[in-house]
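Notes to accompany the following structure.
The values are calculated or read from the model by the stated rules, or taken from the named source; none is laboratory data. Since the model is a prediction, treat every value here as computed from it, not as a measurement. All Cβ positions, glycine included, derive from the backbone under ideal geometry; neighbour counts span all protein chains shown.
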Ligand code: TXA
Ligand code: MG
């Protein structure tokens, strides 16, 4: 059995495996990560193999504290210091020009590296015991829903991971916010648990590259980068009326419908339970999944981002 409880002994085993170039799945406060020694190119290659991940998609490097992050980059700007002081350990990933110690395979061949200090006891214990930076994407096959429990990891990656440290369900539930500080202006690369508003308090203006489909146009499946997706086809709606019409239409065709219901919860509550709910619906034997999107407001940016990537959206018109 790959899933093991968190004990001092298993932390040491996991750290030894990292040191030997192997893979360990471990909990963070966002989602479970699939970790390898970030300074060992061969070890990192195992991550890409296990996930079936395209080699040009760079990985996040996890470190135990801000000082360890600083050691990996030639320059540590004031803005990074300020963000680290406010949000680390926590669900914020900072992208900066990379130093020579980071192998190219970690950064997808690019000139920048993504760094984060996770706010999870087990992740921090593993980082301290392994005593190396740990490159870790979410511990799922490429394109699938990110895991928020050890069982999700096992279901997606199976025997590809020798050790899955079971730290229980994760708290934040969706992946970290990614902010790029390598350019002239800060850019939000991925919305997440740390909101744009909170980042702006420290950074001022932040560029937000648009990933949403142009409103009023129904994109064909595949037009958006499909990601974080259940295996069962998921359709999302901005309009409750359109969703009801669609429910009736699919119902007449005898298709079993699963509804991803997000109503009456705060953004943080929805984020915390989103992937767990998607995993559960996916295992429920439905022919189709439907979801009413939360409103297009700043506080829902991260949830809408994940849902739009997981689904074929029908935008309001
Ligand atoms: O919460 C998280 O961030 C989780 C946990 C395990 O820490 N990790 C995670 O990793 O979500 P992954 O690989 O699934 O997502 C990493 C994201 C991708 O969108 C990737 O393109 C981006 O970070 N990224 C990594 N390095 C980058 C870089 N140098 N420049 C721009 N984007 C980068
Ligand atoms: Mg991922």
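Among what's in segment 168-188 and is touching a strand residue (DSSP E or B) at 6+ places or on another chain (Cβ under 7 Å) and either over 21 Å from residue 58 (Cβ atoms) or not in a strand (DSSP E or B) (or both), pick the residue that is nearest to ligand 2 (Cβ to nearest atom).
175
Working carefully through the options 34, 96, find the one that is closer than 23 Å to residue 170 by Cα and surrounded by 21 or more Cβ atoms within 10 Å (Cβ to Cβ).
Testing whether each residue is closer than 23 Å to residue 170 by Cα and surrounded by 21 or more Cβ atoms within 10 Å (Cβ to Cβ) leaves just 34.
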Inset, instruction - Tell me, yes or no, whether segment 223-237 has at least one residue that is surrounded by fewer than 14 Cβ atoms within 10 Å (Cβ to Cβ), in a loop (DSSP other than H, G, I, E, B) and at pLDDT 95 or above. - result: no
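Residues are listed down the side, and each one gets a yes or a no for (1) within 22 Å of the chain's Cα centre (by Cα); (2) assigned to a helix (DSSP H, G or I); (3) touching a residue at least 12 places away in the same chain (Cβ under 8 Å):
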position	(1), (2), (3)
4	no, no, yes
11	no, yes, yes
17	no, yes, yes
22	yes, no, yes
25	yes, no, yes
29	yes, no, yes
35	yes, no, yes
39	yes, no, yes
43	yes, yes, yes
Inset, instruction - Return a yes/no flag: does segment 118-127 have any residue that is touching a helix residue (DSSP H, G or I) at 6+ places or on another chain (Cβ under 8 Å), near ligand 1 (Cβ under 9 Å from one of its atoms) and touching a residue at least 12 places away in the same chain (Cβ under 8 Å). - result: yes
Legend entry - Search result, residues across segment 128-143 that are in contact with a helix residue (DSSP H, G or I) (Cβ under 6 Å, 6 or more places away or on another chain) and more than 10 Å from ligand 1 (Cβ to nearest atom): 129, 130, 141
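Can you name the residue in segment 144-153 that is in contact with a strand residue (DSSP E or B) (Cβ under 6 Å, 6 or more places away or on another chain) and part of a helix (DSSP H, G or I) and is also nearest to ligand 1 (Cβ to nearest atom) among such residues?
153
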Inset, instruction - Determine if segment 170-178 includes at least one residue that is more than 13 Å from ligand 1 (Cβ to nearest atom), buried (at least 22 other Cβ atoms within 10 Å of the Cβ) and in contact (Cβ under 8 Å) with a residue 24 or more places away in the chain. - result: no
